[in-house]
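The structure under discussion appears below in the form of structure tokens.
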Amino acid sequence: MFSQLEFPFALILTHRRGVGIALFKSDLIFSSSFNELDYYTLIKNSKMTQIRDDNIELLEFEDLIFSRVKGKTAENLFHLYTKTLDRFLIKSHEIKTLLVGTGPGSFTGLRLGCAFANGLKMGLPINLLPVKTFLTPELLAKCRNMSVEEEFIEQLGDYHEEDESTGFVTFFDLLASLLHARIEDRIFVDSLIPEYGREPGPVIKLNEGLNK
């Protein structure tokens, strides 16, 4: 599927707390003979770079950057996006396609991610492509099979078992959505709409009630 996309392109995930972004200059890393386990092992064994002043964490490869920031999604989304592009010396108008996680996940986070991408499309000639995200039980099972369960839980941080979308966006979220996007049959859209997949969990409902 990636061969059909123009480069550079970016994946944005906001289905948990914080933000995760994958930025591609080419399809080099996904045109190899790696199987699914190889990719999870690659993420596990790669050294992470931290930009301490911005609370940004990075995994950097030749033509791919995984970045994430822990904190409030609304406050960090634009900042992480611009910082990630700066890392590759890419301008916003040079991005050809945005892949955006549309759910399931955090009710508020998904709306922020979709609104951000829709806003960019209003001013730039970019393609929008919705992609699937993974709730904690499904991704935890996948990471367990790939022998990266400990690393996933560490990146996830605090989460509530009764609310499957809590915790922070992880590098494994980015990888899982990318690998799924390679086989999923989706088309470009004019605007993104969150696909919640379920009602917001009790933790989200409580937090939104307190913010009124």
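Quick note: the coordinates plus some simple rules give every number you see, no bench work behind them. Fair warning: this is a prediction, and the values are worked out from it, not measured in the lab.
How are the C-alpha pair distances of the range 2-210 spread across 5 Å bins, as whole percents from the shortest bin up?
1, 7, 17, 21, 22, 17, 10, 4, 1, 0
Just list whichever of Lys25/Lys83; Lys96/Lys132; Lys44/Lys142; Lys25/Lys47 have alpha carbons separated by over 18 Å in the model shown.
Pairs exceeding 18 Å: Lys96/Lys132; Lys25/Lys47.
Out of all DSSP beta bridges with both ends in the chain, state the antiparallel percent to the nearest 5.
65
Would you mind checking which residues have amide H under 5 Å from Asn127's amide H? H placed 1.01 Å from N; only 5 or more apart, or other chain.
Thr97, Leu98
Would you list, by chain and number, the aspartates and glutamates whose Cα falls below 20 Å from the Cα of Lys91, excluding same-chain residues fewer than 8 positions away?
Straight-line reach from Lys91, under 20 Å: Glu6, Asp27, Asp54, Glu60, Glu62, Asp63.
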